[in-house]
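Working notes, structure below.
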Amino acid sequence: MSVFKRSTHTSVDKGWAWVVLAGSFVEYFIMVGILKTFGLFFVEFQRTYKTTASTLSMVFSVQTAVTSLSAVLVMGIGIKYFTERTLVVGGALFGLTSNIGSAFAPNSSTLFFTQGVLFGLSTTFAHLSSTLLVGKYFERRRGMANGIINLGGSIGGLAWPPVITYLLNDYGLQGTLLIVGAVCLHLIPVGLLMRPIDLGAKEESTHSLEIATGFEEGNEHLVSPSNHDPENCFIETESSQIEQSSEAKIERNCCRQCSSLIFNFALFKNSSFLLLVVMSFLVSFGCVLPLTYIPPFAEDRGIQRNRIGYLVTISAASDIVSRTIFIFLADNRKVKRYHMMAIGLMGGGVVCLLANFYTTFITISVFSALHIFLAGTYFSLINVVMVDFIGLRNLNHGLAMSTVTRGISSAVGSLSMGLIRDESGSYVGGFMWMGACLILGGLSLLVKPFLSKRAPEQTRTSEGKL
């Protein structure tokens with residue numbers, strides 16, 4: 001086993017790393033692409049079960065909540081006791097079960113479990129595990145690798161909507177769900193490609209070799225009973241007292257280790273981690289929701305329905321261009337990644353603040369393309385910025401944090417968008433609120449250098465403990 005671990009350690013940035021990258025690209029294409037078609041299923045569910053829009057909104061709210069909460073457990077306990085390979089395969093099975101259950105659901109209430117709980121677990125198991133393993137397999141080219149897999153999600157967002165529309169027209173809701181469930185099974189071969197990697201195996205094996213060598217060189221007399229004498233007895237007695245006095249500390253450490261299986265709470269003492277939490281909460285509102293609210297915003301402006309479909313296509317194309325560009329910029333050492341993200345987020349915020357001037361199809365198209373392009377910096381760079389801020393060994397907890405804050409921010413943001421629309425009769429105020437959050441989130445990233453200058457020694461010590 002140690003030989004296997006050492007051989008995978010040499011695959012960083014080369015060899016099997018590219019196979020893992022290809023598998024993650026396919027996973028993003030399938031899962032993110034399907035997630036971006038839920039608006040189409042929303043209409044079909046409402047028509048089939050004759051239910052209200054608020055009920056179906058609650059179904060997808062349950063899905064967001066399950067995804068957020070399970071992310072903490074999967075990235076903690078799941079990664080500790082299972083491999084990424086097992087989790088991705090589990091995600092495929094949850095996806096199949098979810099779609100079969102939704103296809104034969106007798107009423108809309110069943111969707112709370114099949115679509116809300118099961119598909120939420122499928123997303124967490126497959127998506128976060130693939131993202132984490134890519135971060136482990138790539139070091140020098142980590143930014144490029146994350147850009148490539150995010151590009152897979154963008155291509156999926158462009159390809160899946162017309163496919164789902166065609167399937168719904170020809171096979172109906174039930175047939176489409178069964179086909180989507182079968183597509184989820186493609187994650188099983190993807191999961192089999194996810195060979196586990198232990199980056200610390202080389203150091204551990206070296207340490208074990210040193211211990212073994214010490215005994216081979218004749219140090220076994222240190223524990224031999226033949227060396228008993230009064231002085232040694234005194235030393236042993238004193239050592240036992242020290243051991244007894246440290247039992248309380250050991251118990252406390254055990255409690256901390258048990259809690260760290262779920263989440264490394266020591267991260268909350270790290271200023272860089274707290275900065276990521278604040279930034280992610282602020283910008284998720286403005287990065288996740290525009291794809292949902294640009295179409296109704298255009299409808300309020302009097303844009304014809306057939307043209308609104310073009311806006312979705314323009315947004316998807318802009319997303320692909322954004323991810324492609326950041327594939328080449330993410331590993332550029334001349335500009336820091338969090339600086340690029342800050343510039344993109346603040347640029348997207350300025351575009352949102354000008355929402356009152358978008359009154360025609362052309363101006364709304366420009367707004368959609370520019371915003372999606374600039375907001376793409378968050379999705380393209382957030383995973384590599386996490387590693388830069390809190391280290392690779394805490395990436396799993398960073399991904400869990402990002403998922404939770406994204407879910408909370410999206411839920412709060414969606415509620416505020418609806419309230420603003422009901423009170424003012426327009427989505428303009430909501431987009432301006434998005435812009436303010438994006439600018440604040442971008443500015444928060446620029447605080448990083450000041451934190452490092454203020455307490456450099458404390459930062460290094462805390463990162464070492466983490």
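The values are calculated or read from the model by the stated rules, or taken from the named source; none is laboratory data. Only a predicted model underlies this, so the values are computations on that prediction, with no experimental measurement involved. Every residue, glycine as well, gets a Cβ built from its backbone with ideal geometry; the counts of neighbours run over all protein chains shown. SASA here: full protein model, heavy atoms, side chains in, ligands and nucleic acids out. Shrake-Rupley method; radii C 1.70, N 1.55, O 1.52, S 1.80 Å.
Observations
- Scanning segment 309-341 for residues that are open to solvent by 30 Å² or more (accessible area, probe 1.4 Å) and more than 25 Å from the chain's Cα centre (by Cα) yields a count of 3.
- Of residues in segment 157-175 being in contact (Cβ under 8 Å) with a residue 40 or more places away in the chain and of a type in the set (S, T, N, Q), the one nearest to residue 315 (Cα to Cα): 165
- Residue 81 passes every criterion in (1) free of Cβ contacts under 8 Å to residues at least 24 places away in the same chain; (2) more than 28 Å from residue 277 (Cα to Cα) apart from (2).
- Any hit, segment 29-36, residues being farther than 15 Å from residue 117 by Cα, open to solvent by 20 Å² or more (accessible area, probe 1.4 Å) and small (Gly, Ala, Ser): no
- Within segment 306-320, one or more residues are under 22 Å from residue 407 (Cα atoms), out of contact with any Cys (no Cβ under 8 Å at 6 or more places or on another chain) and of a type in the set (D, E, K, R).
- Selection of segment 163-178 for residues being β-branched (Val, Ile, Thr) and either surrounded by 15 or more Cβ atoms within 10 Å (Cβ to Cβ) or modelled with pLDDT of 95 or more (or both) yields 163, 164, 176.
- Residues in segment 102-139 that are among the β-branched types (Val, Ile, Thr) and either more than 14 Å from the chain's Cα centre (by Cα) or open to solvent by less than 10 Å² (accessible area, probe 1.4 Å) (or both): 110, 114, 117, 124, 131, 134.
- Evaluating residue 418 against the criteria (1) modelled with pLDDT of 80 or more; (2) more than 27 Å from residue 149 (Cα to Cα); (3) open to solvent by less than 40 Å² (accessible area, probe 1.4 Å); (4) among the small types (Gly, Ala, Ser) leaves one unmet condition, (1).
- Any hit, segment 353-363, residues being among the polar types (S, T, N, Q), under 21 Å from the mean Cα position of the chain (by Cα) and in a helix (DSSP H, G or I): no
- Within segment 41-82, the set of residues being of a type outside the set (A, V, I, L, M), over 30 Å from residue 162 (Cβ atoms) and open to solvent by 50 Å² or more (accessible area, probe 1.4 Å) comprises 80, 81, 82.
- Flag for residue 344 being in contact (Cβ under 8 Å) with a residue 40 or more places away in the chain, open to solvent by less than 10 Å² (accessible area, probe 1.4 Å), farther than 20 Å from residue 310 by Cα and small (Gly, Ala, Ser): yes
- Members of segment 287-308 that are assigned to a helix (DSSP H, G or I) and open to solvent by 40 Å² or more (accessible area, probe 1.4 Å): 288, 291, 292, 299, 300, 305, 306, 307
- Test for residue 370: is it modelled with pLDDT of 90 or more, crowded, with 17+ Cβ neighbours inside 10 Å, within 19 Å of residue 308 (Cα to Cα) and not aromatic (Phe, Trp, Tyr): yes
- Residue in segment 401-414 that is more than 22 Å from residue 276 (Cβ to Cβ), open to solvent by 20 Å² or more (accessible area, probe 1.4 Å), at pLDDT below 85 and part of a helix (DSSP H, G or I) present: yes
- Count of segment 189-215 residues which are open to solvent by less than 50 Å² (accessible area, probe 1.4 Å), at pLDDT 90 or above and not in a loop (DSSP other than H, G, I, E, B): 2
- Qualifying residue in segment 391-398 (condition: farther than 29 Å from residue 76 by Cα and at pLDDT below 85): no
- Filter result for residue 360 (crowded, with 17+ Cβ neighbours inside 10 Å and either of a type in the set (S, T, N, Q) or closer than 14 Å to residue 445 by Cβ (or both)): no
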